[in-house]
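The values are calculated or read from the model by the stated rules, or taken from the named source; none is laboratory data. If you're wondering where the values come from, they're calculated on a predicted model, not measured in any experiment. Cβ placement follows ideal geometry from the backbone for every residue including glycine, while neighbour counts extend to all protein chains displayed.
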Amino acid sequence: MSAECDGKCESCSKKSDCTDPRKEMWEEQQRLKQNISKIKHKIAVISGKGGVGKSTVTVNLATAFALQGYANRVGILDADIHGPSVPKMLGLRGQRLPVLPAGTIFPVIGPLGMKVVSMDFLLPSDDSPVIWRGPLKMRAIQQFLSDITWGELDFLFVDLPPGTGDEPLSIMQLIPDMEGVVIVTIPSEVSQIVVKKAVTFARKLNIPVIGIVENMSGFVCPKCGAEVNIFKTGGGRKIAEELDVPFLGGIPIDPEICVDSDEGKPFIVGHPESPASKAFMDIVKKIERYLEEQRPSTTQLKPIATKESEKWDVKNSER
């Protein structure tokens, strides 16, 4: 390390020949800034606890935006390093990140042209665990953002693991212009308790809370039509009012959500008329409205007309 180096690479006339380790860090930061500057809206999906269907919500929200006319302009970053599940839900298991001979790395292309990056694409086998501590996880997430060519996107949804630990903190620090977070909960009081922690986490980092989604919000029997509140109901709305954050809506339980997720098909594509799909689309409208209100002078949510050939056919979902 040169004693003369002040670490200010941007103004250094010798950076082309520099071997200082700080230069590599600076170059990666520049790549990261350049990459995320091409993404208009970055939205993280978080939860206070596991088992609330956060990844399911992420996948179907991203798909809903793609169906709204943003096909080929939506990305998903699966930032759950230890338990990546987005590739399974999109039928992308077993795929690898495309790499050009020059070393340029691209996301895997999923349904409706969605660009997807996940730790799952780097693991040698399905049963390979990731046994990493915090610094390694942050390094991996940083490389997902800086070393992979995302291209121009209208939306990037970041699926984060439960809690307020390494991965959520890394994402918030690496993407300072995060549009906001969507917090997923279920109606139970146990889930409501940890939602408060998620809201406080976002506020401490000055990240806007776009709103709360109540997943598994009631169940309507397909045979008799009777409504059963398996996990109670209204908990998401109640905690949203208590914490003074928007309530985006409730998504009812539908057994087909589990079936489609296991088969690698976004639920809302195959069941557009179901109450759950309509709930997802309503949440999309509220998020769009939020974005327009936040940046009325710069936000132009103008869906791109989707060609018939670009639409994803559920019956031919093998990719």
Look through Glu263, Glu189 and report the one residue that is of a type in the set (Asp, Glu), surrounded by fewer than 22 Cβ atoms within 10 Å (Cβ to Cβ) and in contact (Cβ under 8 Å) with a residue 60 or more places away in the chain.
Glu263
List pairs: first residue in the range 282-307 and under 13 Å from Phe65 (Cα atoms), second residue acidic (Asp, Glu) and at pLDDT 50 or above anywhere in the structure, Cβ distance under 6 angstrom, at least six positions apart or on different chains.
Leu301/Glu288
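Out of the residues in the range 260-319 that are charged (D, E, K, R), under 26 Å from Ile210 (Cα atoms) and in a loop (DSSP other than H, G, I, E, B), which is modelled with the highest pLDDT?
Going through the range 260-319, the residues charged (D, E, K, R) turn out to be 260, 262-263, 265, 273, 278, 282, 285-286, 288-289, 292-293, 295, 302, 307-308, 310-311, 313, 315, 318-319.
Subsequent filtering for residues that are under 26 Å from Ile210 (Cα atoms) retains 273, 278, 282, 285-286, 288-289, 292-293, 295, 302.
Right, trim to in a loop (DSSP other than H, G, I, E, B) and you get 273, 295, 302.
On the way: Glu273: 91, Arg295: 66, Lys302: 54.
Selected residue: Glu273.
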Considering residues of the range 49-67 that are of a type outside the set (A, V, I, L, M) and not in a helix (DSSP H, G or I) only, the residue surrounded by the fewest Cβ atoms within 10 Å (Cβ to Cβ):
Gly51
Which ones in the range 68-124 are among the hydroxyl-bearing types (Ser, Thr, Tyr) and over 19 Å from Leu136 (Cβ atoms)?
Tyr70, Ser85, Thr104
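Could you grab me the full set of residues in the range 110-142 that are closer than 30 Å to Gln68 by Cα and not β-branched (Val, Ile, Thr)?
The initial filter retains those residues of the range 110-142 that are closer than 30 Å to Gln68 by Cα, namely 110-121, 141-142.
Matches in the range 110-142: Gly110, Pro111, Leu112, Gly113, Met114, Lys115, Ser118, Met119, Asp120, Phe121, Gln142.
To keep it simple, each residue is scored yes or no on (1) farther than 18 Å from Ile171 by Cβ; (2) at pLDDT 95 or above; (3) surrounded by fewer than 16 Cβ atoms within 10 Å (Cβ to Cβ).
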site: Trp26; (1), (2), (3): yes, no, no
site: Gln29; (1), (2), (3): no, no, yes
site: Leu32; (1), (2), (3): no, no, no
site: Gly69; (1), (2), (3): yes, no, yes
site: Gly75; (1), (2), (3): no, yes, no
site: Lys88; (1), (2), (3): yes, yes, no
site: Val117; (1), (2), (3): no, yes, no
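Taking the residues in the range 235-260 that are of a type in the set (A, V, I, L, M) and crowded, with 16+ Cβ neighbours inside 10 Å as candidates, determine which candidate is farthest from Ser191 (Cα to Cα).
Going through the range 235-260, the residues of a type in the set (A, V, I, L, M) turn out to be 239-240, 243, 245, 248, 251, 253, 257, 259.
Of the ones still in play, those that are also crowded, with 16+ Cβ neighbours inside 10 Å are 239-240, 243, 245, 248, 251, 253, 257.
Numbers: Ile239: 10, Ala240: 13, Leu243: 14, Val245: 16, Leu248: 17, Ile251: 15, Ile253: 16, Ile257: 21 Å.
The residue in question is Ile257.
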Counting only residues in the range 68-109 that are among the β-branched types (Val, Ile, Thr) and not in a strand (DSSP E or B), the one nearest to Glu167 (Cα to Cα) is identified as Ile81
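Inspect the range 209-220 for any residue being surrounded by fewer than 22 Cβ atoms within 10 Å (Cβ to Cβ), modelled with pLDDT of 90 or more and not hydroxyl-bearing (Ser, Thr, Tyr) and give the result as yes or no.
Yes, that holds for at least one residue.
Can you tell me which residue among Pro111, Pro124, Pro187 is within 23 Å of Gly53 (Cβ to Cβ) and either of a type in the set (Phe, Trp, Tyr) or at pLDDT 90 or above (or both)? Even if it seems obvious, please write down each step before you answer.
On the way: Pro124 fails: within 23 Å of Gly53 (Cβ to Cβ); Pro187 fails: either of a type in the set (Phe, Trp, Tyr) or at pLDDT 90 or above (or both).
Result: Pro111 is the single residue among Pro111, Pro124, Pro187 that is within 23 Å of Gly53 (Cβ to Cβ) and either of a type in the set (Phe, Trp, Tyr) or at pLDDT 90 or above (or both).
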Among the numbered criteria (1) without any contact (Cβ under 8 Å) to a residue 12 or more places away in the chain; (2) within 20 Å of Thr58 (Cβ to Cβ), which one does Ile175 miss?
(1)
